[in-house]
1. Considering every residue within region 228-246, establish whether at least one is open to solvent by 60 Å² or more (accessible area, probe 1.4 Å), farther than 30 Å from residue 326 by Cα and part of a strand (DSSP E or B).
2. Looking only at region 255-287, count how many residues are at pLDDT below 85, buried (at least 21 other Cβ atoms within 10 Å of the Cβ) and not charged (D, E, K, R).
3. Looking at 218, 196, which is the one that is within 24 Å of residue 300 (Cα to Cα), at pLDDT 90 or above and not in a loop (DSSP other than H, G, I, E, B)?
4. Of the conditions (1) open to solvent by 10 Å² or more (accessible area, probe 1.4 Å); (2) out of contact with any strand residue (DSSP E or B) (no Cβ under 9 Å at 6 or more places or on another chain), residue 181 satisfies every one except a single condition; which number is it?
5. Report the residue count in region 184-214 for those that are in contact with a helix residue (DSSP H, G or I) (Cβ under 8 Å, 6 or more places away or on another chain) and open to solvent by 50 Å² or more (accessible area, probe 1.4 Å).
6. Could you go through region 94-107 and let me know if any residue there is of a type in the set (Asp, Glu), in a helix (DSSP H, G or I) and modelled with pLDDT of 65 or more.
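The values are calculated or read from the model by the stated rules, or taken from the named source; none is laboratory data. Since the structure is predicted, the reported quantities are computational estimates derived from the model, not experimental observations. As a convention, Cβ positions derive from the backbone with ideal geometry for all residues, glycine included, and neighbour counts pool all protein chains shown. These accessible areas exclude ligands, DNA and RNA; they are computed on the full protein's heavy atoms, side chains included. Shrake-Rupley method; radii C 1.70, N 1.55, O 1.52, S 1.80 Å.
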Amino acid sequence: MGYTGGMKKRLWLWITLFVFASAVIGTLATSWNVVMVIHAHRMVELAQSMKIPSPPRELTSIPWVNLILGTLGFAAALVVTILFFVRLLREMNLTQMQTDFLAKVSHELKTPIATLELTGSLLRRASLPEAKRAGLWEAFDADLKRLRGEVETLLDASHWQTSLRRPALEPVNLEAWIERSVPEWQARLGEGAKLTREGRFEPSARVRLDLGMLRLVTDNLVDNARKYAQGSPQLVLRAQELPPRGGPPRWRLVFEDRGWGFEPKHARRLFRRFHREPNPAPYAIPGTGLGLFLAREASRAQGLRLIAESDGPGRGARFILEGPYYEQQPMLNAEPPGTVGHA
């Protein structure tokens, strides 16, 4: 998602006008100061040539105080104008993203609704074979879940934006939780996907997290790998231990895909609300631009760090989740990497 062509033209027009106006105001202010200095010099020379006894101070000195105050006033006005202009550009950017988001989410919601309507009309036929009816019910259920997922995403975004979500932290066995989650992630990636595990956390390792928020983070990262895959999704789940840095030991969980990737310099903006990073995929990628935003907000709420990395477009992406251990320092075992799922 991003600016349309017309929006880009208007943006550059505003920037050009602002630069031109700032240059004109700066030139006028500088010229005014120069004129004041020249005028003051002439007044001093005139007073000296007329040999006026005890001339007023205004005739014998340059009004430096007025010049300095005027210059500072102009600088302050220019800074305020720049801040206002930057805020204006941000609001324009947000407005455009919201417009694109509404168009996108309308399409995302319209598709399952249309499918549900069609499926419902077919199910009302009394002469429909039982096998066909069972298949339609499965499709109906799948589209209903998709529709509910989209609505829940919108509600989650609203709750995070209004700070209504508070974490309920509890001790969690990290390795056991990942083991239970791997089959769900494999199913979420879809048929033909490959999920590989590298490294294991010690079974006694404990972290302090909100399981619901943790699930929100990881599910969005897995969904991202599925949506931006080149062909069948491939995801590597890597467990790592980080050395202590003036605090408790830390753990790291890396979700590395083989998808379309992104420009490394754009890593931070991936987590902006409504943002959709352009990619070279020859097809439209579904989504609302809220998944990574929700993942970042849920990570922050639990005291975790979520960052994105990529070696460039077409070279995959890495999403890294980090946090502190709880109670005791675990150690990674030396098990060789295992593969879960099927190619």
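1. yes
2. Count: 1.
3. Sole residue among the options that is within 24 Å of residue 300 (Cα to Cα), at pLDDT 90 or above and not in a loop (DSSP other than H, G, I, E, B): 218.
4. So the condition that residue 181 fails would be (1).
5. So the answer is 5.
6. No, the conditions are met nowhere in region 94-107.
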